[in-house]
Each structure stands twice: as C-alpha cells, then as structure tokens.
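The values are calculated or read from the model by the stated rules, or taken from the named source; none is laboratory data. Keep in mind that this is a model prediction, so the values were computed, not measured. Glycine also receives a Cβ, built like all others from the backbone with ideal geometry; neighbour counts cover every protein chain displayed.
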Amino acid sequence: MLRAISPIDGRLLGEFVVSTSDTIHRQMLAARTAADNWARVPTESRVKILAKLLPLLLSELDNLCDIIVQTTGKVRTEALLGEIYPILDLATYYEKHATSILRTQDIATSPFAFPGATAKIERRPYGVVAVISPWNYPFQLSLAPLLTALYAGNAVILKPSELSLPIGQLIVDLCRRLELPPNLVQWLVGDGSVGQKLIDAGPDLVFFTGGLNSGRAVMQRAAQHPIPVMLELGGKDPMLVFADAQLTRARDAALYGAFSNSGQACVSIERLYVQNDCFDQFLPMLLDGLKQLQVGHGSRGDLGAMTSQKQFDIVQAHYDDAIAQGAQASGPLQRNGNYVNPLVLWNVHHGMRVMREETFGPLLPLMRFSDETEAVSLANNSELGLNASIWSSDIAKAERIAAQLQTGNWVINDVLKNIGHAGLPFGGVKKSGFGRYHGAEGLRNFTYPVSGLTSRSSLAKEPNWFPYSDTSYKQFKGFIDFVYGGGSLFQRIKRNWPALEAFKEYSAFDLTQRWQNLKILLSWKRDY
C-alpha cells in the first residue's frame, strides 16, 4: 500500500494498492484486446469520442485545480495555467487536425522504374503504449501523451509517479466518463520497480518523462525486449539577455521562467546569461523583482511548496557548492516546511554544480557574457538541450543566435510559453532525450509508417525479373545512364538507344506518355 501525502500540510490524500506482476500481466492482455478494437475505429470517430473530454474538463476546473494543488503543492493559478490549459489547447488542436495528420499519404512513383504503379504511406498505431509520467506536472505530462496515444489509435497503461497517485486516479476516472472501449485506459500504482515490470510486460511503445538517470534505466530495460522508447528528460535551459533587450520585460520573464512551480519544471530557466553592457543595470532590477515574489498559498501566492524532500536536498547541495566556490547569493537558502524562498546567485562559473546539473528548484544563477560568440558558446556548454530563450530587440540577431543553439526548442523574447504551443513538436537533444510530442509530428510519433506499392501491370513478367545475361546487364546499364546520366535529353537518347529499344516490348513503357514523347523526339532528332 502506498499513502499519498499532501506536501502543503501533510494531509493524507489516499491509500493505493501497489500493482503486482500478475495484475500488470492481466492488464496488458486486456489492453491488447482494447487496442485491437480501438485501432479499427476510424480516426474521425475517435476524434468525436475524445472531443467530449474538453467540456468535461471545463465543467470541473475548480475541482481539478484543488486536487492538483493538494497533490503537488502548486499554487492554484499555476495548476490552472501549467497543468490544465495546455491540455485544453492540445485537445482542441487534435480535434481539428488529427484526421488530416493521420490520413494515408499518396506518394509519387517514377513512370520508368514503377510503370503503372501507385504508392502510399499509411499510419498505424503501435498497440499498447506505456506512459510513465513525472511528479512535477503530473496532470499535463500524463494526459498529454495519453491523449495523443488515444488519438493515434492506441491503448494506454499509465504509470504515474508514486508522488502523484491522486492525479493518476483522477485521469483514469475522467477517461471512464468518456465512451471509450473497456480497458483502453488503465493505470498502475507503484515506484520505479513497477515501471520496470510494466516494461517487462511488453508494451509496444514506452513514453517516459523524467530525469536523466531514470531515463537511462527505462531505455536499458526496454532494450532487453526490445521496445521503442520516447524520452523527455531534463533540461538546463539558458536565457540570453542582450543589452538591446527590453530589460524590464526580460527581468520579469526571468523571474517567472526560473521560479514558476518553484523551479520544478524541465524547461525552467536554470542559467541566465546577461551581456556585460547591461549586467550592472540588470542585476539590481532582478533582485528588486525577487523581493516582490510571494511564497505560499495565501490570497496571493506566486510559488507553492516543493513536492519532495529528495528534490530539496539537490537544491541544497547546489546552493552549498556554489557558495563554497565563491558565488554570491541574494540571501540564505530558507525553508519553511516544504516552502522554499527563491534565490538569485551571481559570480558563478561552469565549474559549479548549479551551472552544470539540473537543479529543478528555486535557484537562478546569473553569469556575464561579452558578445554573440561567447553567448552561444556558454549556452551550448551543457550536456542537456531542451529549451532556450533569447532576448533582443534585434529579431534578426536573435534568430541568428537561435539557429546556433544546440536545443530542441527555442523562443525569442518570451519564456516557457513555446512548449505549450499545441502545433509545435516538443522534445530535446543531447541528454535531454529524443522523440517528440505535440503537433503533427508528435501525433505521428505514436504511430508507425507502413509503406505500400500497388502494381497495375498486365505484363506477364517485369524487365528486372530472371533470366539475367550479359545482354540484359548492358541494357539496364544503358537505361540507368538514360535516366540518371549527364548531358542533354537528346544526347542520352542517342547513346542509349539500343537499350531503350530493348525495353519497348514492355507495354508499361508504351502505356506512358513519356515513351510516346520519347519516340516523337527521337524521330524529330533524326530528321533534323
């Protein structure tokens, strides 16, 4: 049995029975049956069924926010904007576009290589998708991949973080109120060992969101079977502020980007680089804005509680390491229960843990840079590459810099918001993971492509079939030179005419207008 405890006040939120290997095996069998049935439902019909989730969420916003707040420690507005709003936007996007995104695609074929043939690519669902989700945004980061998998035609088994079990229960209860086939959406209760058992049960795709070390473990486990994986891992996201930026707006964005959800976001601003020309002006502005932030769940609260003791220990270690190496801080690291005051650090360097490792907490380290070249070098000096923010009034310069950053996503003159754009695929590079979700590419990633070629030839045999001979080799060599060789069309016809004549017996050539045109051109060339 696992007990869910609120990080706000220690209240017991529920008790949940841990899933066993036998339970997981039975759930997988049931999910396979559900997946087979759901895959046969046309995409248009799936969309109509799933569209009923949006009004359901809208009708229960306050209750949903309350459960998220109690489970995670977020403030209420953060629960609304960070957890629920992105789901509403994503559901609306796929309701409009899923059918066209997943539609079978006709592919052009060469009339010479594939005469009388048509080709196409169709998208098929994997089958059963295992969604292993984190504790920091347990509603959004569970429901977004879950919904995407369902739109694509899959069944889903959700394994939420053991710190977010009330959210897992909430999501499954919401899905049960839709007209979905039985067992199409199921969930498991447990820690990482249960996640391992889920992978061992043999889903067809694993979608994991979490830290780098856990991502490695998931990938290693899946490789034993093997099962394809999509990994959305951590970030150490840079924010580059140039002297020509709107500094007040950049200051407010830095505070929001670093301390939203108490810094417990994979796309938090964890490295703030400010150009020398404005650094001495920007730092006092940043410290003044920091003083205005409110921590707690009162009538006004900007930062809620941190969710876990383990994560606070990392924040403490990064803070202590930075101070020991000469960093200055806006104050001591203060904690009241699970509430932690946000801090700004400066006089930092890349030898400090706070500049190398993901902190995932309310620390914002600030560092100088001189010019574009150094800004790009500092931003790229990380094992992680999830998101980045560039600040300048010169949009051309900002876009030039963005093109040089080793990141899966970037935004100019804003923070965090770009990852919520339903039409933009989201994911990382380097050790921030691979695979994408959101947008058309994200939806297709929950399917696999199947290529098909249909021949309508009435020939008894094809020219490339047996028997082979020295003569056929010369004929095919001439044909290849005609199609791909250099020179004008007439030059290629002239030097390869014997080979082309050898293929005229195949009606496929006679059935193409290109062959007719070829003979006409050749006749004209001879007369000329």
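Hey, could you check the stretch 413-447 for residues that are outside any strand (DSSP E or B) and among the basic types (Lys, Arg) and say which is nearest to the chain's Cα centre (by Cα)? Here the residue is Arg436.
Provide a single number: the residues in the stretch 199-242 that are among the hydroxyl-bearing types (Ser, Thr, Tyr) and not in a strand (DSSP E or B). Explain how you work it out, then say what you get.
The first filter runs over the stretch 199-242 and keeps only residues among the hydroxyl-bearing types (Ser, Thr, Tyr), leaving 209, 214.
Applying the additional criterion that residues be not in a strand (DSSP E or B) yields 214.
Residues that pass the stated criteria total 1.
Inside the stretch 252-269, can you point out the residues that are touching a Gly at 6+ places or on another chain (Cβ under 7 Å) and outside any helix (DSSP H, G or I)? Within the stretch 252-269, Gln264, Cys266, Val267, Ser268, Ile269 qualify.
Beta carbons closer than 6 Å, at least 6 apart along the sequence or on distinct chains, pair a first residue in the stretch 438-455 that is crowded, with 17+ Cβ neighbours inside 10 Å with a second that is in a strand (DSSP E or B) for His438/Phe426; Thr447/Arg123; Thr447/Arg124; Thr447/Pro125. Based on what the data block shows, is Arg251 assigned by TED's automatic domain parsing to the domain that holds Ser377, in contact (Cβ under 8 Å) with a residue 24 or more places away in the chain and farther than 18 Å from Gly361 by Cα? Judged against the criteria, Arg251 is a match. Scan the stretch 35-47 and tell me whether some residue there is surrounded by fewer than 20 Cβ atoms within 10 Å (Cβ to Cβ), at pLDDT 95 or above and of a type in the set (Ser, Thr, Tyr). Yes, some residue in the stretch 35-47 is surrounded by fewer than 20 Cβ atoms within 10 Å (Cβ to Cβ), at pLDDT 95 or above and of a type in the set (Ser, Thr, Tyr). When you go through (1) assigned by TED's automatic domain parsing to the domain that holds Phe446; (2) out of contact with any Lys or Arg (no Cβ under 6 Å at 6 or more places or on another chain); (3) at negative phi one by one for Leu178, which number turns out not to apply? It fails just one condition, (2). Residues in the stretch 89-106: is at least one of a type in the set (A, V, I, L, M, F, W, C), surrounded by fewer than 16 Cβ atoms within 10 Å (Cβ to Cβ) and not in a loop (DSSP other than H, G, I, E, B)? No: the stretch 89-106 contains no residue that is of a type in the set (A, V, I, L, M, F, W, C), surrounded by fewer than 16 Cβ atoms within 10 Å (Cβ to Cβ) and not in a loop (DSSP other than H, G, I, E, B).
Close Cβ contacts (under 9 Å, 6 or more residues apart or on different chains) running from residues in the stretch 130-147 that are more than 10 Å from Gly82 (Cβ to Cβ) to residues that are of a type in the set (Lys, Arg) comprise Ala130/Lys159; Val131/Lys159; Ile132/Lys159; Ser133/Lys159.
Taking the listed residues Arg492, Arg514, the one that is modelled with pLDDT under 95, charged (D, E, K, R) and in contact with a Gly (Cβ under 8 Å, 6 or more places away or on another chain) is Arg492, with no other qualifying. What's the number of the only condition in (1) in a helix (DSSP H, G or I); (2) touching a His at 6+ places or on another chain (Cβ under 8 Å) that Tyr473 fails to meet? Single failed check for Tyr473: (2). Summed over the stretch 7-55, the residues that are outside any helix (DSSP H, G or I) and either touching a Pro at 6+ places or on another chain (Cβ under 9 Å) or in the same structural domain as Arg123 (by TED's automatic domain parsing) (or both) give a count of 8. Only a single item in (1) crowded, with 22+ Cβ neighbours inside 10 Å; (2) outside any loop (DSSP other than H, G, I, E, B) is not met by Pro166, and it is number (1). Whether a residue is in a helix (DSSP H, G or I) and more than 20 Å from Gly427 (Cβ to Cβ) was assessed, and Leu180 does not pass this test. If the condition is being touching a helix residue (DSSP H, G or I) at 6+ places or on another chain (Cβ under 8 Å) and either hydroxyl-bearing (Ser, Thr, Tyr) or free of Cβ contacts under 8 Å to residues at least 24 places away in the same chain (or both), then the stretch 278-316 contributes only Thr307.
Return the total of residues in the stretch 470-484 being surrounded by 13 or more Cβ atoms within 10 Å (Cβ to Cβ), farther than 11 Å from Phe503 by Cα and free of Cβ contacts under 8 Å to residues at least 12 places away in the same chain. Result for the stretch 470-484: 0. Contact map, the stretch 216-232: first residue over 24 Å from Pro425 (Cα atoms), second residue surrounded by fewer than 21 Cβ atoms within 10 Å (Cβ to Cβ), Cβ cut-off under 9 Å, separation 6 or more or different chains; pairs are Ala217/Gly192; Ala217/Gln196; Arg221/Gln196; Arg221/Asp200; Arg221/Ile227; Gln224/Asp200; His225/Asp200; His225/Gly202.
Going residue by residue through the stretch 343-366, is there one that turns out to be free of Cβ contacts under 8 Å to residues at least 40 places away in the same chain and basic (Lys, Arg)? Yes: the stretch 343-366 contains one or more residues that are free of Cβ contacts under 8 Å to residues at least 40 places away in the same chain and basic (Lys, Arg). When residues in the stretch 286-303 are screened for being assigned to a loop (DSSP other than H, G, I, E, B), over 17 Å from Asn338 (Cα atoms) and either not assigned by TED's automatic domain parsing to the domain that holds Ala250 or not charged (D, E, K, R) (or both), 2 of them pass. Go through the residues of the stretch 304-324 one by one and say whether even a single one is more than 21 Å from Ser260 (Cβ to Cβ), at pLDDT 95 or above and outside any helix (DSSP H, G or I). Looking through the stretch 304-324, none of the residues is more than 21 Å from Ser260 (Cβ to Cβ), at pLDDT 95 or above and outside any helix (DSSP H, G or I).
Being surrounded by fewer than 20 Cβ atoms within 10 Å (Cβ to Cβ), in contact (Cβ under 8 Å) with a residue 24 or more places away in the chain and more than 20 Å from Met28 (Cβ to Cβ) narrows it down to one of Gln196, Gln246, so name that one.
That would be Gln246, the only listed residue that is surrounded by fewer than 20 Cβ atoms within 10 Å (Cβ to Cβ), in contact (Cβ under 8 Å) with a residue 24 or more places away in the chain and more than 20 Å from Met28 (Cβ to Cβ).
Asp394 meets the conditions (1) in contact with a strand residue (DSSP E or B) (Cβ under 8 Å, 6 or more places away or on another chain); (2) acidic (Asp, Glu); (3) in contact (Cβ under 8 Å) with a residue 24 or more places away in the chain in every case but one. The failed one is (1). Checked against the criteria, Pro166 does not count as within 19 Å of the chain's Cα centre (by Cα) and not small (Gly, Ala, Ser). Can you tell me which residue is surrounded by the fewest Cβ atoms within 10 Å (Cβ to Cβ) among those in the stretch 148-163 that are over 15 Å from Val17 (Cα atoms) and small (Gly, Ala, Ser)? Among those residues, the one meeting the criterion is Gly153.
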